[in-house]
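For reference, the structure discussed in these notes is given below.
The values are calculated or read from the model by the stated rules, or taken from the named source; none is laboratory data. Since this is a predicted model, take the numbers as computed values, not measurements. Note that each Cβ is placed from the backbone with ideal geometry, even for glycine, and that neighbours are counted across all protein chains shown. Surface accessibility is based on the protein's heavy atoms, side chains included, excluding ligands, DNA and RNA. Shrake-Rupley method; radii C 1.70, N 1.55, O 1.52, S 1.80 Å.
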Protein chains: 4
Amino acid sequence: MKYGLIGASGKLGKEVINVFADNNHELVFTFDLTGEWFQSEPEVLIDCSLPEAFDEVLSLATKFSSPLVVATTGLKESNFKKLKELSNKICVVQSYNFSLGIQILLQLTKKANELLTDWDVEISETHHRFKKDKPSGTAKMLQEIFKDRNINTSSFRLGNVPGDHSISFAGMGEVIKLEHRALSRRTFAEGILLSAGFALKQEKGFYTFTDVVFNKKTL
Amino acid sequence: MKYGLIGASGKLGKEVINVFADNNHELVFTFDLTGEWFQSEPEVLIDCSLPEAFDEVLSLATKFSSPLVVATTGLKESNFKKLKELSNKICVVQSYNFSLGIQILLQLTKKANELLTDWDVEISETHHRFKKDKPSGTAKMLQEIFKDRNINTSSFRLGNVPGDHSISFAGMGEVIKLEHRALSRRTFAEGILLSAGFALKQEKGFYTFTDVVFNKKTL
Amino acid sequence: MKYGLIGASGKLGKEVINVFADNNHELVFTFDLTGEWFQSEPEVLIDCSLPEAFDEVLSLATKFSSPLVVATTGLKESNFKKLKELSNKICVVQSYNFSLGIQILLQLTKKANELLTDWDVEISETHHRFKKDKPSGTAKMLQEIFKDRNINTSSFRLGNVPGDHSISFAGMGEVIKLEHRALSRRTFAEGILLSAGFALKQEKGFYTFTDVVFNKKTL
Amino acid sequence: MKYGLIGASGKLGKEVINVFADNNHELVFTFDLTGEWFQSEPEVLIDCSLPEAFDEVLSLATKFSSPLVVATTGLKESNFKKLKELSNKICVVQSYNFSLGIQILLQLTKKANELLTDWDVEISETHHRFKKDKPSGTAKMLQEIFKDRNINTSSFRLGNVPGDHSISFAGMGEVIKLEHRALSRRTFAEGILLSAGFALKQEKGFYTFTDVVFNKKTL
């Protein structure tokens, strides 16, 4: 596929370039702080930038009228509203975490929450020192599972850790812990590639990476 | 309830005595290496002994014709055969681990195994230095989930650790780990109490702690 | 030894009673929310209460003129000032954590900090849901090692966990984690017994559990 | 520097090429299963191959008479004997693990072992499924610290994990765990670069990565 990339010079952007190149996809457009580079119109647009660039992302997706995969974290409620409006015209896939393992973790956490309703719960996440938002977007997805309960989330920023998440459940005599550890950012780029392929095959609509993995529509 | 206890002087036996006393149940019979103590006939018989005492356990259960809860680990295939024969006459509840959390861990592990069929899997267990069997009975229950695959189990024997179990799943870019940690042996004694209450209400039959927790028959 | 106990009805107080009884020491005085019980004058006074009872602790130690072992956490700067004044007259042993393993952890953390001056550091502690102060007294002892750096501490409150502490160090390519896990409160009671024995042999002075373990004076 | 690389096409070999290129060092010789490539004589020779290639490594180092950095794991006693003979003529740096963090872990483990002589100890290591030797070379370095004791080592092979090592110490009431986690193979390549720079400045002699880090001679 011919793809465009917003936030091409960031850490995740670079991994996307590597993984897409390894799979023989052609980069035809980039946009980042250093400016814009255009070779031809992209079939799909990937956003790995920052919330500050959100308006630019919207206007580029509208201009190219191409499916949009949004991997930026730290979006606001108002950003989501606009993404959903946009999804009336084009296909939008948005997720705070594009790893398959995180999708599994979310499912296991939901299951554990159903079975352990009266146990204490705490969430923990660890990322590299360069991560700007706190807690991570993935931690927010986990918090969503426990929205009816008052639970605590701790964030660690350490060296170059790609991304760890854990959920601890504790009763009076035992503790259960579910952990996910990303070994490299390549994992996320592979999920983005999967999502780009999915987006190309869909009509307009708003999808999450859960839909990509389990192949059903959310909204 | 009036209960009898085989292996009353062992670590788990002592916890059973504490937990049953806290719940106002009356100890009326004990049997261990130091001999037999009889006050009155037990309504339910608890076995926290060693496989070496298995024949004695069978004959006591037959003599009292009371429901039997078996918490001994390291049983052989031949022991199980005899337990199932006995269950044609009385109610038998047998498990290698009487913690609620382990039941949840087993369910989550089954779910993860369904979703992550091509990931590597390894099991790990850690117990106090006094534990004689290796791997633990709980590790064997976990191995059973992966019986169609060739997986490795590691056993650690450290100080006075009550019992940790973990299952690691790994793909090429990420790792998921499910962990259970018992905080004290009291957890197991509480599960045994739950099982004794369950056994008193059942007809003859062979049950596991999964049946006690999820309230359905296995065999 | 004949010992007195302030906070006798708390979780730690009860463990102290067990451990001291197992070692044939005689409880002769207690003080807690339910009132005072006096049999004879104690040779050493143990404080396992709350900061709210601090003034009472001081006046009892002065009244009996006996060595004092302070295991209460969450003390203020002003409390420490008064303890040090008191130590001009009697022997005071104070620590936020009476486990031998924590003393080792503190030493290893100091060593790691000397060798890894430019790595990121984060502290984590997990305790039972009943723990009132946050972060734990032990976490404060760990923070003290990094007082020249700006580091983050996360606190988890989960079920009945006796007490976990960890320190993570991370460079750009690797992570080192030092962890301590208390298996039961009995560990702390054993350290308090060690300290009471130490206090009986000392002249007046202010000591910590580090002094008890490594046998040298701090102040 | 102009360097030669044996095992250039392996996972570690590729990282070495990246890290050395990033630091403007010139690759002038390679040797691997696909054959030999020669541009000019190397100032230093790096070995990231397998024990099977050991004789070839020796004869190349002798031929070029250049310092040799050996990063191959799984060497035999007889291999070490020959390396030490070679070190009478040229500088040899050998280690089973070229990460700075592992050097720190070894120091902390030695310290803990001195302080916790009567606690139980177990070693655990986890690596990617492609790792051939078991236990890892680093685990062997850890075992060496406990050579007077009978301790257990467990090995896990999971997905693409770059390399985790941990040492657990346990008394009857507490557990201390020291953990190291490599985030990527780049860490090792950076340690090899450090060693190559060290080797260029030394006379003949046998050195380990500990010598490189702490700058003193072993033999």
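Quick one: check the C-alpha center-to-center distance for the range B:125-140 versus the range B:150-171, whole angstrom.
9 Å
What does the highest-first list of A:96-107, B:74-85 look like by mean Cβ count within 10 Å?
Peptide ranking by packing, descending: A:96-107, B:74-85.
Which of the lysines could a cross-linker span from A:Lys201 if the Cα-Cα distance has to be under 19 Å and same-chain partners fewer than 8 positions apart are dropped?
Filter leaves A:Lys2, A:Lys84, A:Lys89, A:Lys216, A:Lys217.
With viscosity set to 1.002 mPa s and temperature to 20 °C, compute the Stokes-Einstein D of the range A:100-182, Rh being the Kirkwood radius across alpha carbon pairs; µm²/s, no decimals.
The Stokes-Einstein estimate is 164 µm²/s.
Whole-Hz ³J(HN,Hα) for each residue in the range B:26-43, computed from phi via Karplus 6.51 cos²θ - 1.76 cosθ + 1.60 with θ = phi - 60°, x for glycine and proline: what do you get?
Values per residue, Gly and Pro as x: 9, 7, 10, 7, 9, 9, 7, 4, 7, x, 10, 10, 10, 10, 7, 6, x, 7 Hz.
Using a 1.4 Å probe on the protein heavy atoms, what percent of the accessible area of chain B belongs to carbon and sulfur?
About 48 percent, which is the carbon plus sulfur part of the accessible surface.
Using the crude model of +1 on Lys and Arg Cβ and -1 on Asp and Glu Cβ, and no other charge, please compute the dipole size for the range C:100-182 relative to its Cα centre, in debye to 20.
Result for the range C:100-182 is approximately 480 debye, rounded to the nearest 20.
Please find, among residues of chain A, the one with the beta carbon closest to the rotation axis relating it to chain D, distance in whole Å.
Nearest residue, distance rounded to whole Å: A:Ser184, 3.
A drop of at least 30 square angstrom in accessible area, chain alone versus all protein chains together, probe 1.4 Å. Which residues of the range B:126-154 meet that?
Listed in order, they are B:Arg129, B:Ser154.
Rounded to the nearest 500, what is the protein assembly as shown's calculated 222 nm mean residue ellipticity when only DSSP H runs of at least 4 contribute -39500 (n - 2.57) each, over all residues?
Estimated from H runs of four or more residues: -11000 deg cm²/dmol.
Taking Rh as the Kirkwood radius computed over C-alpha pairs, what is the Stokes-Einstein D of the range C:74-147 at 25 °C in a medium of viscosity 0.890 mPa s, expressed in µm² per second?
Estimated via Stokes-Einstein, D reaches 170 µm²/s.
Distance between the C-alpha centers of the range D:45-59 and the range B:16-37? Whole Å please.
Taking the Cα centre of the range B:16-37 as reference, the centre of the range D:45-59 is 67 Å away.
Do the alpha carbons of any pairs in B:Lys14/B:Lys63; A:Lys11/A:Lys140; A:Lys11/A:Lys132 sit beyond 19 Å of each other, and which pairs?
The answer is B:Lys14/B:Lys63; A:Lys11/A:Lys140.
Would you work out if the range D:1-118 is rounded, prolate or oblate? Take a ≥ b ≥ c from the square roots of the eigenvalues of the alpha-carbon gyration tensor; rounded if a/c is under 1.5, else prolate when a/b is larger than b/c, oblate otherwise.
Note, shape of the range D:1-118 comes out prolate.
What shape does the range A:1-67 take by its C-alpha gyration tensor, where a ≥ b ≥ c are the square roots of the eigenvalues and a/c under 1.5 counts as rounded, a/b above b/c as prolate, and the rest as oblate?
Oblate, because a/c is 1.5 or more while a/b does not exceed b/c.
So how much accessible surface do A and C hide from each other in total, probe 1.4 Å, in square angstrom to the nearest 100?
Summing both sides, the interface buries roughly 1700 Å².
Averaged across B:93-103, how many Cβ atoms of other chains sit within 10 Å of each residue's Cβ atom?
Counting other chains' Cβ atoms within 10 Å and averaging over B:93-103 gives 2.
Rounded to the nearest 20 debye, what is the charge dipole size of the protein assembly as shown about its Cα centre when +1 sits on each Lys and Arg Cβ and -1 on each Asp and Glu Cβ?
20 debye
Quick check on chain D: take the gyration tensor over C-alpha atoms, sort the square-rooted eigenvalues as a ≥ b ≥ c, and tell me if it's rounded (a/c under 1.5), prolate or oblate.
prolate
Inside 10 Å of the C-beta atoms of B:177-188, what's the mean count of C-beta atoms belonging to other chains?
Mean inter-chain Cβ contacts per residue within 10 Å come to 6.
For the protein assembly as shown, how big is the tail of P(r) above 41 Å, as a whole percent of Cα pairs?
47 percent
Measuring label to label, 7 Å along Cα→Cβ, what does A:Gln143 give against each other copy in nm, shortest first?
Shortest to longest, the spacings are 2.3, 4.3, 4.7 nm.
Ignoring ligands, DNA and RNA, what accessible area per residue does the protein assembly as shown give at 1.4 Å, in Å²?
The answer is 43 Å² per residue.
Report, for D:Glu56, each distance to the same residue's label point in the other copies, shortest first and in nm; define the point 7 Å along Cα→Cβ.
5.0, 6.5, 7.9
Roughly what % antiparallel, to the nearest 5, for the DSSP beta bridges in the protein assembly as shown?
Of those bridges, close to 50 percent are antiparallel.
What nm distances, shortest first, do you get from the label point of A:Lys14 to those in the other copies when the point sits 7 angstrom along Cα to Cβ?
1.7, 5.6, 5.8
My understanding is that a pair violates if its Cα-Cα distance is over 30 Å; which of B:Lys177/D:Lys81; B:Lys82/B:Lys134; D:Lys131/D:Lys177; A:Lys110/D:Lys134; A:Lys76/A:Lys110 do that in this structure?
Listed pairs above 30 Å: B:Lys177/D:Lys81; A:Lys110/D:Lys134.
May I ask you to list the aspartates and glutamates whose Cα is less than 12 Å away from that of A:Lys204, ignoring any residue fewer than eight positions away on the same chain?
Partners found: A:Glu85.
In whole Å, what are the extents of the range C:119-159 along the principal axes defined by its C-alpha atoms, from largest to smallest?
Projected onto the principal axes, the Cα atoms of the range C:119-159 cover 32, 16, 10 Å.
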